[in-house]
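Below is one structure, written out as structure tokens, with a few remarks after it.
The values are calculated or read from the model by the stated rules, or taken from the named source; none is laboratory data. All of these numbers come straight from a predicted model, not from anything done at the bench. In this analysis, Cβ positions are derived from the backbone assuming ideal geometry, glycine residues included, and neighbour counts consider all displayed protein chains. Note: accessible area is taken over every heavy atom of the protein model, side chains too, but ligands, DNA and RNA are not part of it. Shrake-Rupley method; radii C 1.70, N 1.55, O 1.52, S 1.80 Å.
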Amino acid sequence: MPKKTKYLVTGGAGFIGSNFVHYLYRHHRNIQVCVLDKLGYSASLENLKQYAGRSDFEFIKGNICDAKVVAKAMAGAHVVVNFAAEVAVDRSIDDPQSFLKTDIFGVYTLLEEARKQKNLKKFIQISTDEVYGQILKGSFRENSETLPRNPYAASKLGGERIAYSFFKTYDLPVVITRAANNYGPSAYPEKVIPLFITNLVDSLPVPVYGQGRQMRDWLYVDDHCSAIDLLVSKGENGEVYNVGAGEECTNIDLTKRILKLMGKDQSFINFVADRPGHDFRYSLSCAKLKKLGWQPQYNLTDGLKATVLWYQDNEAWWRPLKKNLDQRFVKGFWGGRK
Ligand SMILES: NC(=O)c1ccc[n+]([C@@H]2O[C@H](COP(=O)([O-])OP(=O)(O)OC[C@H]3O[C@@H](n4cnc5c(N)ncnc54)[C@H](O)[C@@H]3O)[C@@H](O)[C@H]2O)c1
């Protein structure tokens with residue numbers, strides 16, 4: 001790596017992207033970070049306020065589908081990490097088009113600009129385990145079949161495959177990550193864990209889809225960041241890496257754990273109509289990443305404790321976001337779909 005490494009972090013005002021920026025400054029010296037973010041509904045500049053005015057930090061408001069703004073943000077970059085995406089499965093069911101635009105065309109726009117960069121060492125495309133679809137037994141490996149079952153997952157697969165094609169066709173140094181469900185500080189309060197915590201702070205019920213039997217593999221956000229950081233230096237170009245902590249839990253168990261941590265009983269559970277095409281279980285084998293030396297540091301117990309504490313201590317961060325949660329989506333998700 002050169003003496004001063006420039007990182008372009010797209011979507012860096014969102015949940016995982018902003019945690020990755022914190023991770024970079026905590027673990028590296030001589031770095032220059034540029035965040036490109038359109039500041040969509042889930043973004044918060046509060047997440048980056050501690051860097052305002054620093055000479056080694058730049059924020060650019062803009063869309064990854066806009067080639068001009070992408071060219072400005074990427075100029076001289078050594079590393080690009082693309083977090084920018086439309087992300088919520090439920091939103092993708094109601095509005096697939098915006099997902100196709102950002103998660104496929106936006107990735108393509110970044111890749112075209114990346115081809116022009118002389119200093120580029122790595123282009124990390126952040127993808128998701130949802131590209132595999134569901135698995136009832138065993139765990140997905142990187143060469144498992146991909147069968148995405150909702151427009152979000154399908155768009156993410158489209159984006160990562162375009163990225164792979166740029167590796168094969170133009171020798172672009174692309175690495176793809178497929179991560180499990182992330183949780184931790186500063187996740188938008190429409191996501192299940194922050195939604196439940198913030199509802200319970202206000203003694204409101206928590207909506208559980210169906211009977212809550214679906215199973216998810218939970219990854220504390222800092223562990224995702226350490227995996228990405230490792231892959232910047234050690235990831236093999238053209239390869240896909242699963243990122244998961246193996247902390248599997250049914251949604252109802254997760255709900256009960258959060259209730260217990262917050263001193264609430266089970267009368268706060270409100271079972272609501274299930275999501276269409278709701279994947280039953282995700283599970284990842286992460287042997288390939290672990291071979292590079294990665295180990296998650298958080299189990300679900302410690303990670304949930306840290307997350308509950310963060311939301312309890314940061315009401316000023318989440319209250320304005322929660323107030324603005326789009327009522328149309330709230331009714332669609334948790335009021336039962338028509
Ligand atoms: N949250 C998870 O559990 C999870 C799991 C696996 C993978 N991922 C992937 O990680 C990435 C980040 O997810 P997150 O949970 O932090 O989401 P988030 O919604 O908190 O952050 C996404 C950020 O991207 C920005 N953005 C969206 N469209 C943009 C565009 N067209 N141009 C510029 N910026 C744009 C948003 O403003 C936001 O700040 C996504 O690519 C997602 O697919 C997330």
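Observations, loosely collected:
- Considering only Gln97, Tyr152, Ser165, and ranking their Cα positions along the charge dipole of the range 47-173 that arises from unit charges at the beta-carbon of Lys, Arg, Asp and Glu, the one farthest toward the positive end is Ser165.
- Set of aspartates and glutamates with alpha-carbon distance to Lys118 below 13 Å, sequence-local pairs under 8 removed: Asp171
- Between helix 221-234 and the chain: long-axis angle, C-alpha atoms, 0 to 90°, nearest 10: 20
- The long axis of helix 15-27 is offset from the longest Cα principal axis of the chain by roughly 60 degrees.
- The range 18-117 - accessible surface per residue (Å², probe 1.4 Å): 44
- 0 to 90° range, to nearest 10: angle between helix 300-313 axis and the chain longest Cα axis: 90
- Kirkwood Rh and Cα Rg combined as Rg over Rh, evaluated for the chain: 0.94
- Per residue accessible area in Å² of the range 190-277, where ligands, DNA and RNA are left out and the probe is 1.4 Å: 38
- Lysine pairs in the range 145-295 whose alpha-carbon atoms fall under 15 angstrom of each other, counting only those eight or more residues apart or on distinct chains, come to 4.
- Accessible carbon and sulfur surface of the chain relative to its total accessible area, %, 1.4 Å: 49
- Contact order relative to length of the chain, as percent, for alpha carbon pairs under 8 angstrom and 6 or more apart: 17
- Nearest-20 debye value, the range 69-129 charge dipole, Cβ charges on Lys, Arg, Asp, Glu: 620
- Rounded to the nearest 20 debye, the dipole size of the range 41-180 about its Cα centre is 440 debye, using +1 on the Cβ of Lys and Arg and -1 on the Cβ of Asp and Glu.
- Note on the range 141-294: antiparallel DSSP beta bridges, both residues inside, total approximately 25 percent of the bridges counted.
- Think of the range 1-137 as a dipole: +1 on every Lys or Arg Cβ, -1 on every Asp or Glu Cβ, centred on the Cα centre; then among Ala114, Asn82, Thr5, Thr5 lies furthest on the positive end.
- Value at 222 nm in deg cm²/dmol, rounded to 500, when DSSP H runs of n ≥ 4 in the chain each add -39,500 (n - 2.57): -11500 deg cm²/dmol
- What you get for the range 127-180, charging only the Cβ of Lys and Arg (+1) and of Asp and Glu (-1), is a dipole of about 120 debye around the Cα centre.
- When the Cα positions of Trp317, Leu292, Phe271 are compared along the charge dipole of the range 203-338, Phe271 comes out farthest toward the positive end, with charges on each C-beta of Lys, Arg, Asp and Glu.
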